[in-house]
1. Identify all residues within segment 1-34 that are basic (Lys, Arg), more than 17 Å from Cys112 (Cβ to Cβ) and surrounded by 13 or more Cβ atoms within 10 Å (Cβ to Cβ); write none if there are none.
2. Would you mind stating whether Glu49 is without any contact (Cβ under 8 Å) to a residue 12 or more places away in the chain and within 30 Å of Leu16 (Cα to Cα)?
3. Take Ile17 and tell me if it is over 10 Å from the mean Cα position of the chain (by Cα), within 30 Å of Val93 (Cβ to Cβ) and assigned to a helix (DSSP H, G or I).
4. Which one is surrounded by the most Cβ atoms within 10 Å (Cβ to Cβ) among residues in segment 98-119 that are assigned to a helix (DSSP H, G or I) and modelled with pLDDT of 90 or more?
5. Can you tell me which residue within segment 68-88, out of those that are over 9 Å from Ala123 (Cα atoms) and either among the hydroxyl-bearing types (Ser, Thr, Tyr) or surrounded by fewer than 12 Cβ atoms within 10 Å (Cβ to Cβ) (or both), is modelled with the highest pLDDT?
6. Identify, from the list Val26, Val76, the residue that is in a loop (DSSP other than H, G, I, E, B) and assigned by TED's automatic domain parsing to the domain that holds Leu102.
7. Being surrounded by fewer than 18 Cβ atoms within 10 Å (Cβ to Cβ) and either touching a Leu at 6+ places or on another chain (Cβ under 6 Å) or not in a loop (DSSP other than H, G, I, E, B) (or both) is the filter here; which residues of segment 46-67 pass it?
8. Name the residue, out of Ser77, Ser125, Ser103, that is of a type in the set (Ser, Thr, Tyr), touching a Phe, Trp or Tyr at 6+ places or on another chain (Cβ under 8 Å) and farther than 30 Å from Glu23 by Cα.
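The values are calculated or read from the model by the stated rules, or taken from the named source; none is laboratory data. Remember, predicted model here, so these are calculated numbers, not experimental data. Backbone-built Cβ (ideal geometry, glycine too); neighbour counts: all protein chains shown.
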Amino acid sequence: MKLLVNFSRKKGSEPLIAKAVKETGVLIMVDRAQIDPAGGQMLIDVPRESCRLVSDKMGELGADVRILEHAVSLDVSECVDCGACISVCPREVFTFDTEWRLSMKEDRCVLCGRCVPACPHRALSVLG
């Protein structure tokens, strides 16, 4: 399950991931991170059953955490299965199925947002 974690160094300089792993025992996969001296944002992946535990721990450490049920949203009524998103996605989230319809492997998404402007029918949105 994906968690979007925002943090500010003003709230403290705790090593969020290290402390969360140590105190919960849950391994955390970092999909994407943007960090600067003031703070940052991370997209992490944790097992579904540990999602709330990790979210609560990071919240205790001063981070704002949002649980993402869906990272990327596809409006099937707008999608024409053109495949424009396939060519720009660095994580191969989008593919064609055997009937040449667009299919998604949402768990691969890292919220880079490249697919959104590539879609000529505005069928995609990133929930970040």
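1. Step one: list which residues in segment 1-34 are basic (Lys, Arg), which gives 2, 9-11, 19, 22, 32.
Add one more test, that the residue is more than 17 Å from Cys112 (Cβ to Cβ), and what stays is 9-11, 19, 22.
Within segment 1-34, Arg9, Lys19 qualify.
2. Numbers: without any contact (Cβ under 8 Å) to a residue 12 or more places away in the chain: yes; within 30 Å of Leu16 (Cα to Cα): yes.
Yes; evaluated as a whole, the condition is true for this residue.
3. Values: over 10 Å from the mean Cα position of the chain (by Cα): yes; within 30 Å of Val93 (Cβ to Cβ): yes; assigned to a helix (DSSP H, G or I): yes.
Answer is yes for this residue.
4. We begin by selecting, within segment 98-119, every residue assigned to a helix (DSSP H, G or I); these are 106-108, 115-118.
The next check asks that each one be modelled with pLDDT of 90 or more; those that pass are 115-118.
Details: Cys115: 24, Val116: 16, Pro117: 11, Ala118: 17.
If we take residues in segment 98-119 being assigned to a helix (DSSP H, G or I) and modelled with pLDDT of 90 or more, then Cys115 is surrounded by the most Cβ atoms within 10 Å (Cβ to Cβ).
5. Pass one, segment 68-88, residues over 9 Å from Ala123 (Cα atoms): 68-72, 81-88.
Adding the requirement that they be either among the hydroxyl-bearing types (Ser, Thr, Tyr) or surrounded by fewer than 12 Cβ atoms within 10 Å (Cβ to Cβ) (or both) leaves 69, 87.
Values: Glu69: 80, Ser87: 93.
This residue is Ser87.
6. Numbers: Val26 fails: assigned by TED's automatic domain parsing to the domain that holds Leu102.
None of the others qualify; the one that does is Val76.
7. Restricting attention to segment 46-67, the residues satisfying the condition of being surrounded by fewer than 18 Cβ atoms within 10 Å (Cβ to Cβ) are 47-50, 52-53, 56, 59-60, 62, 64, 66-67.
Passing the criteria: Arg48, Glu49, Ser50, Arg52, Leu53, Asp56, Gly59, Glu60, Asp64, Arg66, Ile67.
8. The match here is Ser103.
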